[in-house]
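Rule-based calculations on the coordinates, nothing more; no lab input. From a predicted model like this one, the values you see are computed outputs, not experimental measurements. Every residue, glycine as well, gets a Cβ built from its backbone with ideal geometry; the counts of neighbours run over all protein chains shown.
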Amino acid sequence: MTSNTAYDKIKAMKHRSATPVSLLFPAKVSLVAVAALMVIATPIAIAPKTYADKYDDQINAIQHEIDQYEAQAAELRGKADTLQQKLTSLGIEKAQIQAQVDISQTQYDQLIAKITQTEKDIKSNQDGLGEIIANMYVDDAISPLEMLASSKNIGDYVDKQEFRTVIRDQLSTTINKIKTLKKDLEKQKADTTVVLANQKNSRDALAAKEAEQQALVDQTRGEEAAYQQLSANQRSKQDQVRQQQQAAIAAAIASSGGSTLIAGGAAPDYPWNNSNCRMTGYYSLDGADGNGGDGHGYGCRQCASYAAWRVAKETGLYPTNWGNATNFPASARAAGFATGYSPRAGSLAVMHSGTGPEGHVAWVEAVNGDGTLIVSQYNYNYGAGWGMYSKMQLSSSVFQEYVYVK
């Protein structure tokens with residue numbers, strides 16, 4: 001979830017650094033000046049009509065902000081991904097140290113068990129030695145003469161004396177060995193304690209570093225989300241402007257006599273009208289946002305994609321990478337096609353105004369005697385949403401320029 005602090009901070013930065021809309025497009029003045037010079041220098045040339053739309057600058061300014069936000073978000077996403085990789089490496093390293101800690105802990109526990117058992121063995125042998133000594137004391141209370149008298153023979157007497165000595169020596173030796181073993185075990189315990197403590201310190205240090213790295217990842221993801229939110233807000237604002245555009249187009253069509261929908265939904269033979277080639281967005285070209293292009297430089301189910309495909313269908317020549325709809329006349333002239341301002345059947349009709357900076361293009365199916373046209377097109381919102389096919393009759397005054405294909 002995006003933190004309000006990150007979002008508000010970035011939003012405040014945006015307000016401080018916003019560029020006036022008038023400064024974002026200084027090229028307009030230069031273009032007008034150059035166009036004026038061209039008219040003076042070549043008076044016999046017919047100057048192409050220019051069209052302005054009050055919505056275009058708004059959409060371009062908003063798009064400029066969206067591009068900035070998305071660039072910042074992409075940069076932060078890359079930074080967060082790098083941090084996440086480091087975090088993953090720290091996790092692996094910490095797991096390895098934890099495995100070593102587990103081994104050392106097992107060794108330590110085993111040593112404790114051995115030491116405990118050794119102490120029991122020492123006690124048991126000490127008890128045995130004490131019993132032998134007690135018996136020897138009882139025997140020593142008997143005088144040698146009495147012991148000799150009670151023995152069967154001299155050899156029996158000697159055997160008793162040797163037996164007591166051997167038993168005593170064996171128990172003493174056993175106790176000394178066990179004590180030595182205990183010392184060794186105690187030393188191993190001390191060494192293992194140091195190793196275990198060092199390993200735990202290393203593990204704890206890595207855990208602290210991991211927590212710090214996770215905090216950086218979370219912070220960066222939060223900043224990325226804040227920019228994404230700003231971008232989403234601007235897209236919502238942009239959609240509002242586009243709705244205003246659509247209303248303006250609808251008003252222009254209405255003022256020119258309205259339109260009649262003949263068919264809608266999907267063109268039967270247009271090859272990219274399927275769920276695997278989703279609409280790429282209102283303006284994006286050739287699937288730039290990852291949703292799919294038609295392979296010729298246009299987004300699937302965009303007006304330009306359909307118009308280019310229709311030209312190829314009619315002529316066998318595919319106009320590739322002609323740009324947005326508003327660029328079609330210039331691209332067509334560069335490719336050798338004629339353009340003009342009078343409608344013809346078998347031409348491309350181009351809207352330069354009322355549709356945003358990309359314009360709109362349709363295929364002219366027929367020109368009627370009453371000043372209306374029958375056109376087919378994609379991505380004209382007649383009420384069913386964007387990215388849909390439609391065939392309709394409307395006034396030719398809605399379009400401003402034509403590309404003569406046939």
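R0 = 56 Å: FRET efficiency of GLN244 with ALA208, Cβ-based, nearest 0.05?
Numbers: r = 54 Å, r/R0 = 0.97.
Here the calculated transfer efficiency is 0.55.
When peptides 113-123, 224-234 are sorted by average Cβ neighbour count within 10 Å, with the highest value leading, the order is 224-234, 113-123.
Using R0 = 25 Å, the C-beta based FRET efficiency linking ALA312 and SER256 works out to 0.25. Each residue, ILE103 and ALA335, gets one label point 7 Å from its Cα in the Cβ direction; the gap between the two is 6.9 nm.
On the principal axes of its alpha carbon atoms, segment 289-330 extends 30, 20, 13 Å, with the longest extent given first. The Stokes-Einstein estimate for segment 193-241, based on a Kirkwood radius over Cα pairs and taken at 10 °C with 1.306 mPa s viscosity, is a diffusion coefficient of 115 µm²/s.
Note on ALA266 and LYS123: the extension gain reaches 41.9 nm, defined as 0.36 nm multiplied by sequence separation minus the Cα-Cα distance.
How much length is gained if the chain between GLN219 and THR165 is pulled fully straight, taking 0.36 nm per residue apart and subtracting their Cα-Cα distance, in nm to one decimal? Intermediate values should be presented prior to the final figure.
Details: separation 54, 0.36 × 54 = 19.44 nm, distance 8.02 nm.
So the chain would gain 11.4 nm between GLN219 and THR165.
Modelled label positions at THR180 and ALA197, each set 7 Å beyond Cα in the direction of Cβ, lie 3.0 nm from each other.
Under conditions of 25 °C and 0.890 mPa s, segment 328-406 yields 192 µm² s⁻¹ as its translational diffusion coefficient, taking Rh as the Kirkwood radius over Cα pairs in the Stokes-Einstein equation.
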